[in-house]
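The values are calculated or read from the model by the stated rules, or taken from the named source; none is laboratory data. Because the structure is predicted, anything quoted here is derived from the model rather than measured. No Cβ is skipped: glycine too gets one built from the backbone with ideal geometry, and neighbour counts run over all protein chains shown. To get the accessible areas, we keep the full protein, side chains included, count just its heavy atoms, and leave off ligands, DNA and RNA. Shrake-Rupley method; radii C 1.70, N 1.55, O 1.52, S 1.80 Å.
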Amino acid sequence: MSEFVINIVSTIAENLVEPILSPFDYLTNFNCNVKDLKNQVDKLESAKQTVNQSIEVAKRNAEVIQPEVQKWVKNTDEIIEEVKRLEDEIRLKKGCCCNGCFPNVVFRFRMSIVLKKKEDAVIKLQKGSKFEKVSYPPPPPGIESLSSEDFMAFESRKLTMNQIMDALKDDEVAIVGVHGMEGVGKTVMVREVGKRLKELKLFDEVVLGVVSNTPNVREIQGQIADMLGLKFNENSELGRARRLCTRMKNRKILVILDDIWERLDLEVVGIPLDQKDCKILLTTRHEHVCNSFDGPTKKIQLNALEEEESWALFSRVAGEEVNSPTFNSVAREVVRECRGLPSMPTTIGRRLKWKSLEQWEGAAQQLKKSNPMNKGKGDLEDFINQLQVAKMMEPKFTVLAAVVLVVTASVTADYVRPPPRKTLHFPWNPKKSSHPQQVHISLAGDKHMRVTWITNDGSSPSIVEYGTSPGKYSSKSQGESTSYRYMLYSSGKIHHTVIGPLEHNTVYFYRCGGQGPDFQLKTPPSEFPITFAVAGDMGQSGWTKSTLDHIDKCKYDLHLLPGDLSYADYLQHKWDTFGELVEPLASARPWMVTEGNHEEEKIPLLEDGFVSYNARWKMPFEESGSSSNLYYSFEVAGVHIIMLGSYADFDEYSDQYSWLKADLLKVDRKRTPWLLVLFHVPWYNSNEAHQGEGDEMMATMEPLLYAAGVDIVLAGHVHAYERSKRVYSGKSHPCGAVHITIGDGGNREGLAHRYKDPQPEWSVFREASFGHGELKIVNSTHAFWSWHRNDDDEPVREFETLEMRSGEGVTEYFSRVMTVANKMRIYGENMQDVKVVEKILCSLTDKFNYDVCSIEESKDIDALTVDELQSSLIVHEQKFQRCNGEEQVLKVTFEGGRSRGHGTYKGRGRGRGRADFNKATVECYRCHQLGHFRYECPSGNKEANYAELDEEEEMLLMSYVELYKARREDAWFLDSGCSNHMCGDRTMFNELDEKF
């Protein structure tokens with residue numbers, strides 16, 4: 001009993017003493033309370049940082065933040081802000097009075113109580129920061145997420161919508177079928193109905209699946225499951241159907257099945273048929289499809305818009321200019337030709353907005369020619385795509401179309417090919433582990449270049465130092481690195497570093513990884529002209545080396561490679577040897593590549609496809625808005641180039657197809673008047689090899705390229721060369737693209753010798769030989785394409801690149817030529833005089849033009865010795881010197897016919913021997929009279945009056961002359977307008993007087 005009393009007294013004493021002692025605690029512990037609160041706030045801010053990091057991760061995954069987490073963050077921010085205000089107040093008053101002489105007891109007592117309470121609140125928030133989950137997955141995308149912005153509530157549409165909604169409200173109706181012709185607006189209508197029914201809460205959920213003319217049950221199941229937030233664990237269609245059916249039972253669900261072409265087994269999909277609250281709304285082009293389903297069905301037809309309704313829809317999209325006097329009449333005509341199909345005025349209105357009157361009139365004419373009401377099954381979308389405004393641009397100045405075939409006039413060459421060459425073998429070349437290897441460059445956006453290299457040292461930095469002087473690096477860029485494993489192979493460290501901004505048409509010196517040798521690159525020009533080297537299917541054979549040697553000798557700005565690079569074919573070390581093989585060229589000029597079948601290297605269940613290619617050859621896909629390194633685009637000097645993937649999905653529902661449409665819409669033909677496309681598998685191919693492999697991609701994507709006005713399409717895959725006329729839809733078409741197959745880079749598999757016979761009418765030139773192409777785009781309307789066959793059996797050598805230098809004398813040049821020729825004789829070459837004579841005749845400077853013509857006219861070239869040629873040229877050289885060194889520029893009108901030269905020689909010099917030379921057509925550049933040269937002019941004492949060739953004519957002339965020097969087998973001029981681009985009549989070339 002006594003112990004009980006003592007306990008009660010003790011408890012009462014504690015409760016009485018606490019209030020008495022607390023004030024003293026608050027006063028004496030004021031500074032401690034300030035410090036304790038600050039420490040606790042620091043801990044709270046640390047906890048807040050941890051929670052915010054989790055929130056950021058959740059947001060990146062598009063998850064929804066838990067409400068209690070949001071509330072905790074809000075409370076935490078508020079209390080931290082309150083504590084900061086308290087600290088400011090304490091700092092201001094300092095807890096003292098009487099000018100700081102005595103502590104302010106009242107302030108300290110009051111503030112200490114507040115500090116203690118805030119500390120308790122902060123500690124409570126700290127304890128509440130341990131959340132099990134800060135977020136949850138977002139709700140599935142409902143029908144609200146689908147756009148129906150093109151829906152306009154016209155009276156005719158309101159009536160149909162009310163009919164559909166009333167039918168869905170009827171308990172006796174299970175299926176509502178909306179039928180009507182393609183493009184009438186069925187999809188937009190049912191989406192709008194679904195949204196309104198969801199808003200009215202007549203259904204718990206509204207889901208949609210697109211069926212199409214080739215129904216894919218798994219795809220339909222997946223679309224519906226995504227909108228229900230359902231994740232399948234089952235692999236079989238039956239298992240997925242059961243799971244889907246279970247999820248939809250006992251719920252009021254509206255299932256919209258869009259674009260049904262024939263009866264669909266709903267049970268196979270997993271849509272419950274015995275569920276009263278589950279209703280089906282379907283769309284179809286054919287009324288009989290509505291009758292093919294079990295269950296009570298209501299059919300509703302959707303008709304075309306009235307003309308005034310179409311006009312209202314068109315006006316909303318095309319803008320107010322359609323009401324102006326200038327555009328109103330032609331706009332009305334466009335709307336009438338749309339025949340009440342809502343998809344037509346919306347699509348055409350968007351494309352014609354802000355266009356010129358000529359383009360509007362062009363659209364009206366094209367609509368008249370192609371009545372959309374008469375379009376067959378499934379091709380209205382292609383019709384809309386083809387009805388593009390790019391073709392209605394101001395026409396380009398189309399002047400020039402010439403074909404010059406050097407060796408033979410036939411469209412299929414009879415060249416006798418040398419035997420194949422062996423695969424190259426690369427001896428082991430030890431290097432430092434941090435030494436940069438396999439260096440190559442590629443474009444990476446405007447004024448930027450990506451430098452890629454490999455090191456065996458995993459710690460080597462991804463740094464590129466660069467500048468415009470050798471060894472002096474004024475700039476530095478930090479990049480990224482990656483690596484990969486493939487079966488038992490482990491790659492080195494692969495570095496990708498973007499440098500820039502860089503000046504156009506400028507030489508830069510750079511170093512990779514802070515050590516190793518200097519490399520040199522040249523950036524492409526910012527404007528025309530620009531030259532592309534083109535070669536596909538490279539490999540690592542002797543012919544590959546020959547092709548690379550040829551390319552190295554030409555003056556080009558950028559290399560385009562339409563697939564099949566290394567031919568590693570699962571042997572990963574061959575990727576390394578290929579990188580070493582191409583490094584001298586690929587480190588100096590940008591190499592823009594796309595994938596071929598030899599890059600895939602997929603092993604089911606073991607290795608994914610394109611692992612090596614994607615790791616080693618990163619292209620600017622992200623810069624062009626693509627989600628895959630297998631397809632991308634870039635722009636350079638007025639040219640928009642699209643690199644497509646023959647081995648990526650390309651059907652109309654694929655990412656590549658969607659990206660291509662979006663990329664084509666971005667093309668500005670004023671900024672980039674030329675549009676090129678590259679991919680691996682050719683669409684137009686008369687070779688027996690790989691027949692039909694590109695047909696599916698062609699069927700899907702060719703309408704888009706045609707609609708965008710693509711100028712040239714380059715492909716590989718077939719190991720031969722072939723060029724087409726402008727083609728579209730399998731036949732010649734004046735507004736189609738020129739297709740070139742150039743898979744002749746030198747692969748180890750050899751050439752594709754067999755061609756289909758007869759040759760298709762669209763095929764202009766074809767030959768199974770190794771080589772490369774050069775595309776020089778001269779300006780916004782004209783380009784020059786030439787194909788260079790690898791020299792008959794040997795790579796490019798010094799002899800074949802010899803040219804007389806400006807100011808060099810005859811004796812000096814002959815000495816230089818004979819030095820090289822004698823060296824080749826030592827190596828076993830058959831260097832007869834006729835070969836040396838031909839070389840000299842086609843490589844003299846312009847001042848010897850008349851002399852070359854005279855020699856070809858008067859002498860038997862096959863019998864002419866080197867000494868005789870040298871003596872003749874020295875005489876003419878001395879005559880020039882007596883005429884004060886003034887040079888005669890030849891201006892000749894050529895007439896068709898064979899050379900009058902003797903022997904078997906037929907114009908192997910500078911092109912004169914290919915036509916009769918008539919001195920009566922020579923114009924004197926002193927008196928401008930015909931029939932004599934300047935140095936023969938009777939008015940020789942008068943002041944010299946030279947008529948110089950302008951730059952365009954000189955370039956044109958040199959393009960013709962250099963066919964012989966470069967051994968170009970197929971050369972032709974191309975303009976990018978819509979006209980007949982090929983012509984075998986060389987008089988068009990000789991008599992051309994237009995600018996380009």
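Can you tell me how many residues within segment 634-661 are closer than 21 Å to Gly743 by Cα and open to solvent by 10 Å² or more (accessible area, probe 1.4 Å)?
Counting residues in segment 634-661 that are closer than 21 Å to Gly743 by Cα and open to solvent by 10 Å² or more (accessible area, probe 1.4 Å) gives 3.
Any idea which residue in segment 442-470 is most open to solvent (accessible area, probe 1.4 Å), counting only those that are touching a Pro at 6+ places or on another chain (Cβ under 9 Å) and small (Gly, Ala, Ser)?
Gly445
So for segment 536-551 (the condition being part of a strand (DSSP E or B), closer than 14 Å to Trp617 by Cβ and in contact (Cβ under 8 Å) with a residue 12 or more places away in the chain), does at least one residue qualify?
no
Does Val51 satisfy the condition of being in contact (Cβ under 8 Å) with a residue 12 or more places away in the chain, open to solvent by less than 80 Å² (accessible area, probe 1.4 Å) and of a type in the set (A, V, I, L, M)?
Considered against the rule, which asks whether it is in contact (Cβ under 8 Å) with a residue 12 or more places away in the chain, open to solvent by less than 80 Å² (accessible area, probe 1.4 Å) and of a type in the set (A, V, I, L, M), Val51 comes out as yes.
Out of Leu202, Leu254, Leu266, report the one residue that is in contact (Cβ under 8 Å) with a residue 12 or more places away in the chain and over 26 Å from Arg157 (Cα atoms).
Just a single option satisfies the conditions, and that option is Leu266.
Matching residues to (1) touching a residue at least 40 places away in the same chain (Cβ under 8 Å); (2) of a type in the set (Asp, Glu):
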site: Lys299; (1), (2): yes, no
site: Leu302; (1), (2): yes, no
site: Ser310; (1), (2): no, no
site: Ser315; (1), (2): no, no
site: Glu320; (1), (2): no, yes
site: Ser329; (1), (2): no, no
site: Glu337; (1), (2): no, yes
site: Ser343; (1), (2): yes, no
site: Arg351; (1), (2): no, no
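Can you name every residue in segment 333-343 that is touching a Ser or Thr at 6+ places or on another chain (Cβ under 8 Å) and in a helix (DSSP H, G or I)?
Within segment 333-343, just Val335 meets the criteria.
Quick one: count up the residues across segment 55-81 that are surrounded by fewer than 14 Cβ atoms within 10 Å (Cβ to Cβ) and assigned to a helix (DSSP H, G or I).
The qualifying residues number 12.
Mind checking whether some residue in segment 662-671 is in a strand (DSSP E or B), surrounded by 22 or more Cβ atoms within 10 Å (Cβ to Cβ) and on the phi < 0 side of the Ramachandran plot?
There is no residue in segment 662-671 that is in a strand (DSSP E or B), surrounded by 22 or more Cβ atoms within 10 Å (Cβ to Cβ) and on the phi < 0 side of the Ramachandran plot.
Within the bounds of segment 313-332, is there any residue that is within 23 Å of Asn162 (Cβ to Cβ) and not in a helix (DSSP H, G or I)?
Looking through segment 313-332, none of the residues is within 23 Å of Asn162 (Cβ to Cβ) and not in a helix (DSSP H, G or I).
Rundown of residues vs (1) outside the structural domain of Thr672 (by the TED database); (2) buried (at least 24 other Cβ atoms within 10 Å of the Cβ); (3) under 25 Å from Arg511 (Cα atoms), yes/no style:
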site: Gly542; (1), (2), (3): no, no, no
site: Gly563; (1), (2), (3): no, yes, no
site: Glu595; (1), (2), (3): no, yes, no
site: Phe610; (1), (2), (3): no, no, no
site: Met619; (1), (2), (3): no, yes, yes
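Taking Tyr510 and the conditions (1) open to solvent by 10 Å² or more (accessible area, probe 1.4 Å); (2) closer than 24 Å to Asp446 by Cβ, which numbered condition does it fall short on, given that it satisfies the others?
(1)
Quick one: count up the residues across segment 622-647 that are aromatic (Phe, Trp, Tyr) and outside any strand (DSSP E or B).
Within segment 622-647, residues that are aromatic (Phe, Trp, Tyr) and outside any strand (DSSP E or B) number 2.
State all residues of segment 229-242 that are part of a helix (DSSP H, G or I) and either in the same structural domain as Tyr653 (by the TED database) or surrounded by fewer than 18 Cβ atoms within 10 Å (Cβ to Cβ) (or both); if no residue qualifies, say none.
Listed by number, the residues that qualify are Glu237, Leu238, Gly239, Arg242.
Going through segment 719-743 one residue at a time, which ones are part of a loop (DSSP other than H, G, I, E, B), at pLDDT 90 or above and either open to solvent by less than 50 Å² (accessible area, probe 1.4 Å) or among the aliphatic types (A, V, I, L, M) (or both)?
The answer is His719, Ala720, Gly730, Gly736, Gly743.
Return yes or no: is Val184 surrounded by 14 or more Cβ atoms within 10 Å (Cβ to Cβ), of a type in the set (A, V, I, L, M), touching a residue at least 60 places away in the same chain (Cβ under 8 Å) and in contact with a strand residue (DSSP E or B) (Cβ under 9 Å, 6 or more places away or on another chain)?
Taking the combined requirement at face value, the residue does not satisfy it.
Which members of segment 442-458 meet the condition of being in a strand (DSSP E or B) and within 17 Å of Gln478 (Cβ to Cβ)?
Met449, Arg450, Val451, Thr452, Trp453, Thr455
Sort through Tyr827, Tyr813 and tell me the only one that's closer than 30 Å to Glu868 by Cβ and at pLDDT 80 or above.
The match here is Tyr813.
Only one of these is under 28 Å from Gln572 (Cβ atoms), of a type in the set (S, T, N, Q) and in contact (Cβ under 8 Å) with a residue 40 or more places away in the chain: Thr482, Thr468. Name it.
Thr482
In segment 751-789, which residue that is open to solvent by less than 30 Å² (accessible area, probe 1.4 Å) and among the acidic types (Asp, Glu) is nearest to the chain's Cα centre (by Cα)?
Restricting to residues being open to solvent by less than 30 Å² (accessible area, probe 1.4 Å) and among the acidic types (Asp, Glu), the top hit is Glu774.
Write out, first by first residue and then by second, each pair whose Cβ atoms fall under 7 Å of each other, whose residues are 6+ apart or on separate chains, and whose first residue, in segment 659-677, is within 21 Å of Leu560 (Cα to Cα) while the second is open to solvent by 20 Å² or more (accessible area, probe 1.4 Å) and in a strand (DSSP E or B).
From segment 659-677, the pairs are Thr672/Glu635.
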